[in-house]
Amino acid sequence: MTKSALLVVDMQEDFCPPHGALAVAGGRDIASPISRLLAMPFALTVATRDWHPIDHVSFDICNQPPNNKAFECSTMISNPQNAADSMAIPIWPVHCVQGTPGAEIIPEINISEVNRVIDKGQDKGREMFSPFADTFGNKSNAASFDLAAYLNENGISRVFVVGIAGEHCVRCTAIDAKKEGFEVYVVEEGVKCIDYGEDGWEATRRQFEKAGIRLVSIEGL
Ligand code: VGL
Ligand code: ZN
């Protein structure tokens, strides 16, 4: 029998209106479809949290007022596992700082229904848009917990992904889950994006199609 897991990505105060530091329009509204999914008989459910130290490398060093415009500025980081390797990452307003109210999962999501909460992005010099790996694809020590091993140990072959932001952490979580060998579905009603345009969700949809990740509706589940 196929066993499925639900991955709920970054449903945190800082990604939701009205007070989130990096609020995504409609972020709080998807708590309702996600709660419906949580009530379905998934073999396992996991919630991720963006969980940064106060001096995280992705935080705003450009003296901009808080905003949620990605790619307006970026910074170079080097691969902690290969010093010759470096890449540019986007800079964001300070968000999801460990232990602060903004890092809490919103109360509309019943966290007691979730089997596991997994933190990511807690190393100051490394960015993680996925709980599976950092932006360089490094797996070891990148997250607080080995999610791929956990899913495999529980006999999971299929994962459903929902959460915020569609073109960032949801995208990277789905792509990495696929790389780890899982069959991956993204449930459209359970996703909100910062940018729905050509460089945002449209590009993500194309990337999903290429990767064999399917967008599905909650109505079909
Ligand atoms: C995210 C920007 C910065 C996300 C996390 O959860 O999509 N986006 N950190
Ligand atoms: Zn972050």
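What follows draws every value from the coordinates through simple rules; no lab data is involved. Note that the structure is a prediction, hence the values are computed from the model and not measured. Methodologically, a virtual Cβ is constructed for each residue, glycine included, from the backbone with ideal geometry; neighbour enumeration extends over all protein chains shown.
Annotations
- Pairs of Lys residues in the chain that lie 8 or more places apart, or on two chains, and have C-alpha atoms under 22 angstrom apart add up to 16.
- Cα lying deepest toward the dipole's positive end in the chain, options P101, L215, G155, charges on Cβ: G155
- Part-to-part distance (alpha-carbon centres) for region 73-98 and region 31-57, which is given in Å: 23
- Taking other C-beta atoms within 10 Å as the exposure proxy, V8, V57, V24 rank V57, V24, V8 from fewest upward.
- As a proxy for reagent exposure, M11, M1, M87 were ordered by neighbouring Cβ count within 10 angstrom, fewest first; the result is M1, M87, M11.
- Three-way shape call for region 1-135 based on the alpha-carbon gyration tensor, with the a/c threshold at 1.5: oblate
- Note, ³J(HN,Hα) from phi for region 215-221, Karplus 6.51, -1.76, 1.60, rounded to Hz, x at Gly and Pro: 8, 10, 9, 4, 5, x, 8
- Cα-derived Rg over Rh, computed across region 176-216 with Rh taken as Kirkwood radius: 0.97
- Among D50, D146, D176, the residue with the largest mean-square fluctuation in a Gaussian network model of the chain, with springs joining Cα atoms closer than 10 Å, is D146.
- Among I111, I34, a tally of other beta-carbon atoms within 10 Å of each Cβ gives an order, fewest to most, of I111, I34.
- If the convex hull is drawn through the Cα atoms of region 109-185, its volume per residue in Å³: 102
- Options H52, F42, G27, ranked by Cα towards positive dipole end of the chain, top entry (Cβ charges): F42
- Cα gyration tensor shape of region 64-209, rounded if a/c is under 1.5, else prolate or oblate by comparing a/b with b/c: rounded
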